[in-house]
Amino acid sequence: MLETDVLIIGGGPAGMCAAIEAAKLGVKTTVVEDKDRLGGQLVKQTHQFFGSEKHHAGVRGIDIGVKLAGECSDLKVNALTNTTCTGIFDDGSVGCLRGEEFFLIHPKRIVIATGAYENMLPFPDCDLPGVYGAGGLQTLMNVDGVLPGKTYLMVGAGNIGLIVSYQLMQAGAEVVAIVEALDRVGGYEVHAAKVKRMGVPIFLRHTVTHVSGDGKVERATISKIDGSFKPVPGSEFTVSVDAVCLAVGLSPLIELIAQAGCETRYIPECAGHVAVHDSNMRTSLEHIFVAGDASGIEEASAAMVEGRIAGLHAALDVTHGKADSNELLREFDSQLDELRTGPFGQKARQGKSKLWGLKLPPDEEFEEAPPIIPESGKKPVIECPQNIPCNPCAVSCPTESITIGDNITNFPVLDQGTCNGCGNCVAACPGLAVFLVNRDYSDREAEITIPWELTPPPEKGDKGYALDRTGVAICPATVTKIRRVKKIDKKRLLVAFTVPLDKADEARHFVIVEPKGAEKIETLPPADDIIICRCEDVTQKEILDCFNSGYKSFDEIKRYLRTGMGPCQGKTCQRLILGILARELKTHVSELAPQTVRTPMKPTELEIYASSKEIEPWDFENWQPPGGGH
Amino acid sequence: MRIEKHPILDFARGKKVKFTFDGREITGHEGETITAALVAAGVLTLSKSIKLERPRGFFCGIGRCSSCYMVVNGVSNVRACVTPLEKGMDVNTQVGRGEIASC
């Protein structure tokens, strides 16, 4: 049996940070990660993070992942990759599966940082090749460098939908439209602005009703929806696409938490059932902690701080509080408070307040800020309308002309008098929301400098069109300069182009060829049933028939139809079936019991258990990082 | 299709290797996932579902969803989206539950 002081399950941002803090306290720390490397979702995040320097602001997710994995390695954390935790047993041991090898780890404390899984949206033919989860597509596109088609419809205008849309365009694909069921964009406005100015329409209160095609997605039908999310008859239209990408939310992955016996509760603000945990991230079981998305869906910045808190407390348990970490813990708490201020932290504040039995904070009203538009000279225009926790514009300014103040969610303020128009803020803004406008370029022309992260970049002298904030070509434009600010970001270009002076406040993107909108094509009738459980091929009709025959809970339906017994163990269908049950029983999902979770977490041949053996114990003292780097 | 130029990422691809898909020779890069190599070659259907034999393609990309269960070198239920490609692999569309290997 492999012994360790602290075992962390999941090597994403929360898990790596938990490992770092635990290992810093000198306790034996092991991370179990089912992918081939540490990093979790960070390995495919090409965008720069918001926040402050403490939260790696301005650094791309991929680089944060490499940095944290490096720290784990330097601190001699035992990282068991390609290893899946299959169960947490009553004697405190943890079952692990690596290839065909099964072994037990005996930790003193466990931190569960298993992250989240993507929600599925059910519609006729939703299982056709060409319907992808945003996360899966992001892996294929940003890790493997492969695209499964040229044209895409994005479903969901939360941060993931907006970011992946932009990343699709960075990879050379075309995003025909984004549809969003709510009446507002859920993600940051700066992320929406990036895709809108490139000509991608965002249809609010619209959804995809069905797809069709011969063995793969060829067309997607979009419909307006009413206040109760029902399609409005006659409003549907169809576009030709190669793929539909679903970014309709994440649910905390709590299989191990539930199987281990930690108390769970449905907290809507945390996006589903989560482990009941205190502000030290300890669950109802003394030896188990939780961190990151598994404890409630939030941004990765918050997951990392939660991981640090959980890892530190787990390690303090092992050392019996011998280290004085109070100051560090206060620092982590204040970082979390900082990240959870402002309009986008509201949900997390409310979710955690419910868990911690605190009085719910009142709903705050946040007003959007108008852009700061200097009237003359060469100055930045900061189009950052929401209180997002972020400050790289201020940090990058060599003349300290941009200030944020003590509260990181404050709007940036520009002192036009001291600003020298250097453009560092254009290079630094993670939201690509700062533009340099030079109204003194010539008598008739203004020069606009925009952040550029697309391929191919234009060249000096290129003639094309300026697009406005909605992606409409408004005037001819000529590229005057291309540069980089390498000390801020090695990849981002600053592209300057001229436009007629009266277009200075409208022109926000440059193209050589005018974009054309998507053509509407003939709508084909939808298939008459919907696959709900992909693994076992179970349809909506079968589930309703089953319900009408008297099977009223998830576990009952599971025993009858095998939904949730396939390889995914209910990750796709559970939420959908609970939704169907809630609708039929006229109740809310929070009132329904989720499935009973048992080991193993993934289908495992019995032969593997039968041949389980001891693995080499980890030599924590004499370990050297592998020569090939991280 | 493969992304050849990317503004942020450089893709470190393994050396080119040949493998077969349903008897057809395809070139991929050693070490990339089998699905990446297939999708890059324009193959979208990886399996036919267990009861209704509906076409299924790449979906979760993390070895969880069962859509990419394929028959690789005669072994059924191989998770193609997390299995690295090797030279000369014999990859086939899996129809239904697949064969259980005899012990």
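The values are calculated or read from the model by the stated rules, or taken from the named source; none is laboratory data. What you see is a predicted model; the values in this text were computed from it and never measured. Cβ coordinates were reconstructed from backbone atoms using ideal geometry, including for glycine residues, and neighbour counts include every protein chain displayed.
Computed quantities for the displayed model
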{"quantity": "Only listed residue being over 18 Å from A:Ser590 (Cα atoms), of a type in the set (Asp, Glu), under 22 Å from the mean Cα position of the chain (by Cα) and modelled with pLDDT of 95 or more, chosen from A:Asp317, A:Asp293", "calculated": "A:Asp293"}
{"quantity": "Any hit, region A:46-59, residues being under 27 Å from A:Val426 (Cα atoms), among the basic types (Lys, Arg) and in contact with a strand residue (DSSP E or B) (Cβ under 8 Å, 6 or more places away or on another chain)", "calculated": "no"}
{"quantity": "Every residue from region B:1-19 that is more than 8 Å from chain A (Cβ to nearest Cβ) and crowded, with 18+ Cβ neighbours inside 10 Å", "calculated": "B:Val17, B:Phe19"}
{"quantity": "Among (1) within 12 Å of chain B (Cβ to nearest Cβ); (2) out of contact with any Phe, Trp or Tyr (no Cβ under 6 Å at 6 or more places or on another chain); (3) touching a residue at least 60 places away in the same chain (Cβ under 8 Å), the one test that A:Leu153 misses", "calculated": "(1)"}
{"quantity": "Residue in region A:283-295 that is in a loop (DSSP other than H, G, I, E, B), over 19 Å from A:Gly570 (Cα atoms), of a type in the set (S, T, N, Q) and outside the structural domain of A:Pro343 (by TED's automatic domain parsing) present", "calculated": "no"}
{"quantity": "Residue among A:Lys322, A:Lys224 that is of a type in the set (Lys, Arg), part of a loop (DSSP other than H, G, I, E, B) and on the phi < 0 side of the Ramachandran plot", "calculated": "A:Lys322"}
{"quantity": "Test: residue in region A:113-127 that is surrounded by fewer than 18 Cβ atoms within 10 Å (Cβ to Cβ), out of contact with any helix residue (DSSP H, G or I) (no Cβ under 9 Å at 6 or more places or on another chain) and either within 14 Å of chain B (Cβ to nearest Cβ) or at pLDDT 95 or above (or both)", "calculated": "no"}
{"quantity": "Residue in region A:12-35 that is at pLDDT below 95 and within 14 Å of chain B (Cβ to nearest Cβ) present", "calculated": "yes"}
{"quantity": "Pairs with Cβ under 6 Å, 6+ apart, first in region B:1-18 and more than 16 Å from B:Ala41 (Cα to Cα), second buried (at least 18 other Cβ atoms within 10 Å of the Cβ) and acidic (Asp, Glu)", "calculated": "B:Pro7/A:Glu453"}
{"quantity": "Looking only at region A:521-545, and only at residues there that are of a type in the set (A, V, I, L, M, F, W, C) and part of a loop (DSSP other than H, G, I, E, B), the one that is nearest to A:Gly579 (Cα to Cα)", "calculated": "A:Ile530"}
{"quantity": "Count of region B:32-62 residues which are of a type outside the set (D, E, K, R), within 8 Å of another protein chain (Cβ to nearest Cβ), within 22 Å of A:Gly135 (Cβ to Cβ) and part of a loop (DSSP other than H, G, I, E, B)", "calculated": "10"}
{"quantity": "Which listed residue is over 23 Å from A:Ala294 (Cα atoms) and buried (at least 18 other Cβ atoms within 10 Å of the Cβ), from A:Val31, A:Val43, A:Val27, A:Val94", "calculated": "A:Val27"}
{"quantity": "Number of positions in region A:188-239 that are touching a helix residue (DSSP H, G or I) at 6+ places or on another chain (Cβ under 8 Å) and away from chain B (no Cβ under 14 Å)", "calculated": "6"}
{"quantity": "Close pairs (9 angstrom Cβ cut-off, 6 or more residues apart or separate chains): within 18 Å of A:Lys541 (Cβ to Cβ) and of a type in the set (D, E, K, R) in region A:570-599, at pLDDT 90 or above and crowded, with 18+ Cβ neighbours inside 10 Å anywhere", "calculated": "A:Glu584/A:Phe547"}
{"quantity": "Number of positions in region B:63-79 that are outside any strand (DSSP E or B), within 12 Å of chain A (Cβ to nearest Cβ) and out of contact with any Pro (no Cβ under 6 Å at 6 or more places or on another chain)", "calculated": "5"}
{"quantity": "Search result, residues across region B:80-97 that are buried (at least 17 other Cβ atoms within 10 Å of the Cβ) and part of a loop (DSSP other than H, G, I, E, B)", "calculated": "B:Thr83, B:Leu85, B:Met89"}
{"quantity": "Test: residue in region A:397-412 that is of a type outside the set (Gly, Ala, Ser), in a strand (DSSP E or B) and more than 16 Å from A:Phe510 (Cα to Cα)", "calculated": "yes"}
{"quantity": "Test for A:Glu556: is it more than 14 Å from every other protein chain (Cβ to nearest Cβ), part of a helix (DSSP H, G or I) and farther than 30 Å from A:Lys194 by Cβ", "calculated": "yes"}
{"quantity": "Only one of A:Glu536, A:Glu522 that is surrounded by fewer than 16 Cβ atoms within 10 Å (Cβ to Cβ) and either within 30 Å of A:Cys126 (Cβ to Cβ) or without any contact (Cβ under 8 Å) to a residue 60 or more places away in the chain (or both)", "calculated": "A:Glu522"}
{"quantity": "Qualifying residue in region A:332-339 (condition: assigned by TED's automatic domain parsing to the domain that holds A:Lys28 and in a loop (DSSP other than H, G, I, E, B))", "calculated": "no"}
{"quantity": "The one condition in (1) among the small types (Gly, Ala, Ser); (2) in contact with a strand residue (DSSP E or B) (Cβ under 6 Å, 6 or more places away or on another chain); (3) within 14 Å of chain B (Cβ to nearest Cβ) that A:Ala527 fails to fulfil", "calculated": "(2)"}
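Yes or no, residue by residue, for (1) surrounded by fewer than 20 Cβ atoms within 10 Å (Cβ to Cβ); (2) under 20 Å from A:Pro380 (Cα atoms):
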residue	(1), (2)
A:Ser442	yes, yes
A:Thr449	no, yes
A:Thr455	yes, no
A:Arg484	yes, yes
A:Arg492	no, yes
A:Val499	no, yes
